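Novice: Quick one: the structure is below, and I'll ask about it shortly.
The values are calculated or read from the model by the stated rules, or taken from the named source; none is laboratory data. Predicted model only: the values in this text are computed from it and were never measured. Neighbour counts are summed over all protein chains in view; Cβ atoms, including those assigned to glycine, are modelled from backbone coordinates with ideal geometry. For the accessible areas, the whole protein counts, side chains as well, though only heavy atoms, and no ligand, DNA or RNA atoms are used. Shrake-Rupley method; radii C 1.70, N 1.55, O 1.52, S 1.80 Å.
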Amino acid sequence: MSLELLSHRHRIADEGDAIDYCFRQNWSDGLPVVPPTEARVAAMLEAAHLAPDKVIGFIPEREITITAEKVAINAVLAGCKPEYMPVVVAAIECITDPAWAYHGPSTTTSGPAVLIIVNGPIARELDINSGENLFGPGWRSNLTIGRAVRLVMRNVCGSLPGVLDRATHGHPGKLSYVIAENELESPWDPLHVDRGFKKEQSTVTVLAADGPRQIFSQLAPTTDGVLTMMADDMRISGGVIGQTHYVVLLAGEHMEMVVRDGWTKTDVKRYLFENTMNTYAHLRRTYRFPLPLKPGDETRIRPLVSNEDMFFIIPAGGKAGAFSSYIPGWAKASWSRMVTKEVRR
């Protein structure tokens, strides 16, 4: 493919100064970047079979068009390999989908990150981690794919901290927040099949999300015991008022217990739904709902989510240790929805 790149060229006399030059242009997230040379950018585009001017997404509130070339430049900056480019493109398609509603999650003071869940054969081909140290260091694909998405948000969409990104605290997932599902050791259909895709397809699912909340349950001998502890922690978490989405990550020892006890994904969802409810009286006394108490509040119940299908159950994490996690989505589900796109190669 013969490519004619459209972006402005910056001539650097001293190649060794290129990284610092990128810092001075404010193109970095605070970590060193890979200088986006013409050859590196072209390699990204060729890997995804995309012309430089191909439109990947549009942000209507900012009247910003995101082209393949701009995505490729930021994928290079992030340290991606060319073969990661189709995943990055699919993630950008997700966050520019009207259902994800870019403006809200990217500007809010509550500071959600872009949780990216990769499913299908490409997750294994690119060695996207679904096991030990799930959210930690050590996997180039996990860290650079998510970083590329954030750099596009920063450098193309203008989501700069303190300018259009007004997060009060934020969380580390705003650097990169990419995981895969442990499909090979799961007895269930994977997330992308639940969302209407074929198992052999590769997909990216994106959710505006808070940081992960880890739970430790070594004493519970059965699945309902593990889920009781999780539900008790979850009941007053994240989107308790907004009834948002929740991603539930069941790791090795807990997942083995679930399989042994014969629980289905629907069973897990239903148990969590039924055991994460609060009375209106509790929500008012703890200032989650406005006072004063109203007649019937002591018995009137509000569920954590509007229905059990707002829990997304995913096997992922290390085999050792009695730990699992859950991730609350941002604010209200109606403000920003989970979006899944196919990775095209």
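Novice: Cα centroids of the stretch 156-222 and the stretch 76-118: how far apart, whole angstrom?
Specialist: Rounded to whole Å, the Cα centres lie 11 Å apart.
Novice: If you don't mind, another one. Tell me the mean residue ellipticity at 222 nm calculated for the chain from its helices only (DSSP H runs of n ≥ 4, each -39500 (n - 2.57), averaged over every residue, nearest 500).
Specialist: Result for the chain: -8500 deg cm²/dmol, rounded to the nearest 500.
Novice: Here is a further query. Order the following by accessible area, largest value first: Glu15, Glu185. Probe radius 1.4 Å; ligands, DNA and RNA are ignored.
Specialist: The most accessible residue leads, giving Glu15, Glu185.
Novice: Taking the Cβ of Phe23 as the center, what net charge do the other residues with Cβ under 14 Å away carry, scoring Lys and Arg +1 and Asp and Glu -1?
Specialist: Value of the local net charge: -1.
Novice: Taking the alpha-carbon centroid of each part, what is the distance from the stretch 286-345 to the stretch 1-53 in angstrom?
Specialist: Taking the Cα centre of the stretch 1-53 as reference, the centre of the stretch 286-345 is 39 Å away.
Novice: Right, here's the next one. Could you work out what % of the accessible surface of the chain is carbon and sulfur, using a 1.4 angstrom probe and leaving DNA, RNA and ligands out of the count?
Specialist: Answer for the chain: carbon and sulfur cover 52 percent of the accessible area.
Novice: May I pose another question? Tell me, what is the 1.4 Å probe accessible area of Arg9, in Å² to the nearest 10?
Specialist: Near enough 90 Å² of accessible area.
Novice: In a Debye calculation with equal point scatterers on the alpha-carbon sites of the stretch 166-278 and no solvent, what is log10 I(q)/I(0) at q = 0.15 Å⁻¹?
Specialist: -0.80
Novice: Which value results for Rg/Rh of the stretch 1-138 when Rg is the Cα radius of gyration and Rh the Kirkwood radius based on the inverse mean 1/r?
Specialist: 0.97
Novice: Another question about this same structure. Between Asn133 and Arg270, how high is the FRET efficiency from 1/(1 + (r/R0)^6) when r is the Cβ-Cβ distance and R₀ = 25 Å? Nearest 0.05.
Specialist: Using R0 = 25 Å, I get an efficiency of 0.20.
Novice: Also, quick follow-up: Where both partners of a DSSP beta bridge lie in the chain, what percent of those bridges are antiparallel, to the nearest 5?
Specialist: Expressed as a percentage, antiparallel bridges in the chain total about 75.
Novice: Here's a follow-up. Once a ≥ b ≥ c are taken as the square roots of the eigenvalues of the Cα gyration tensor of the stretch 80-229, is the result rounded (a/c under 1.5), prolate (a/b larger than b/c) or oblate (a/b not larger than b/c)?
Specialist: oblate
Novice: Measuring with a 1.4 Å probe in the full set of protein chains, what accessible area per residue, in whole Å², belongs to the chain?
Specialist: 45 Å²
Novice: Where does each of Thr228, Thr223 land when they are ordered by accessible area, with a 1.4 Å probe and the largest first?
Specialist: These residues rank, largest area first, as Thr228, Thr223.
Novice: As I understand it, the dipole of the stretch 51-110 uses +1 on the Cβ of Lys and Arg and -1 on the Cβ of Asp and Glu, about the Cα centre. Which of Pro86, Tyr102, Ile66 lies farthest toward its positive end?
Specialist: Positive-end residue among those listed: Pro86.
Novice: Convex hull over the alpha-carbon atoms of the stretch 240-345: what's its volume per residue in Å³?
Specialist: With only Cα atoms used, the stretch 240-345 gives 142 Å³ per residue.
Novice: Give me the net charge for the shell around His103: Cβ to Cβ below 10 angstrom, other residues only, Lys and Arg +1, Asp and Glu -1.
Specialist: Within the 10 Å Cβ shell, the charges total 0.
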